[in-house]
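**Student:** Structure incoming, see below.
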Amino acid sequence: MRIFYGFLAFLMASQPGVRAIQARSDKEQPQTVVSGTAVQSVVPVQAQLGSGMGPSSSSSASSSSGAAGSSAFYPLGPNVMCSFLPRDFLDCKDPVDHRENATAQQEKKYGCLKFGGSTYEEVEHAMVWCTVFADIECYGNRTFLRAGVPCVRYTDHYFVTTLIYSMLLGFLGMDRFCLGQTGTAVGKLLTMGGVGVWWIIDVILLITNNLLPEDGSNWNPYV
C-alpha cells in the first residue's frame, strides 16, 4: 500500500510541470486567425526573433538578394554563360571565305583562308559569329565569336555517284565534269580517257581521296 500511495503522490507532483510544458508549447505554436474570408497565420514575436524571420531579417534578405542579382556572374546560379552554350542553342553564321587572303583574316580576326580537308589536321578551324536563340536565357553577351568551327562546306558532290560515273563513263570525262574540272574533263573526252590510262588513274585517285571537287568542298555525307 505504501508503494501505491507513493506512486500517486509522484503523479500529482509531476502534473504542474507537464501543464507548464504544454502551455509553453501551445504558446510557441503558430495561431490561425480567421479575418473575414482570409486566413492568416500569426507567429509569436519571440519565435520570429528566435528564428531570424523578423522584419529586419526579411529586409536584409531582400537587400542581399538584390545585391546578388546585380553582382557579377554566379557560377552556381541557374544561368550559364552564353558563350558556354552548345551549338544546338545558337544561330551561327557560315565561316567567311577569305580566299587565302591572310591580311583580311588578320583584320577581321575570323573566317577561313581555305576550305576542305579529310583529316582533323588538314581541316582549318576558324571563328564565326553566333547568336543565342531568343527563348534561351543565359548570362553575358548574346552575340559573340565562337572558335573552333571547321572550315568545311558541302555541296552537291557525292562520292558514290562520282565513282560510278568514273567507272562507267570515265572515258568520256563525266567524273571530272561532275567535279567541276571542265578543262581536264574536255581533254579526257577528246582523248577517250587517255586511251584508257587516264580513265584507270582517275578511278584510283577517287578511291584514294586524291580527286576532289574543284570548289574545295567536301563530299556530301547526306543523301
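The values are calculated or read from the model by the stated rules, or taken from the named source; none is laboratory data. Source: prediction; values computed, not measured. Because the Cβ atoms are built from the backbone with ideal geometry, glycine has one as well, and the counts that use them run over all protein chains shown. Ligands, DNA and RNA are excluded from the accessible area calculation, which covers all protein heavy atoms including side chains. Shrake-Rupley method; radii C 1.70, N 1.55, O 1.52, S 1.80 Å.
**Student:** Got a number for residues in the range 96-155 being touching a residue at least 60 places away in the same chain (Cβ under 8 Å) and basic (Lys, Arg)? Full working, then the answer.
**Tutor:** First, pick out the residues of the range 96-155 that are touching a residue at least 60 places away in the same chain (Cβ under 8 Å): 114-118, 139-140, 142, 144, 146, 152-155.
Checking the rest, the ones that are also basic (Lys, Arg) come to 114, 142, 146, 153.
Final tally of qualifying residues: 4.
**Student:** Pairs needed: first member in the range 199-223, over 16 Å from residue 172 (Cβ atoms) and touching a residue at least 12 places away in the same chain (Cβ under 8 Å); second member anywhere, in a loop (DSSP other than H, G, I, E, B) and of a type in the set (Phe, Trp, Tyr); C-beta distance under 7 Å; at least 6 residues apart or different chains.
**Tutor:** Pairs that qualify, where the first residue is over 16 Å from residue 172 (Cβ atoms) and touching a residue at least 12 places away in the same chain (Cβ under 8 Å) and the partner is in a loop (DSSP other than H, G, I, E, B) and of a type in the set (Phe, Trp, Tyr), are 216/115; 217/115; 219/158; 220/158.
**Student:** Please identify the pairs in which a residue from the range 80-91 that is open to solvent by 60 Å² or more (accessible area, probe 1.4 Å) has its Cβ atom under 9 Å from the Cβ atom of a residue that is assigned to a loop (DSSP other than H, G, I, E, B) and modelled with pLDDT of 95 or more, counting only partners at least 6 apart or on another chain.
**Tutor:** Once the first residue is open to solvent by 60 Å² or more (accessible area, probe 1.4 Å) and sits in the range 80-91, its partners that are assigned to a loop (DSSP other than H, G, I, E, B) and modelled with pLDDT of 95 or more give 89/133; 91/133.
**Student:** Let me ask something additional. What do you reckon, is residue 161 of a type in the set (Ser, Thr, Tyr), within 24 Å of residue 220 (Cβ to Cβ) and in contact with a Gly (Cβ under 9 Å, 6 or more places away or on another chain)? Explain how you work it out, then say what you get.
**Tutor:** Working: of a type in the set (Ser, Thr, Tyr): yes; within 24 Å of residue 220 (Cβ to Cβ): yes; in contact with a Gly (Cβ under 9 Å, 6 or more places away or on another chain): no.
Answer is no for this residue.
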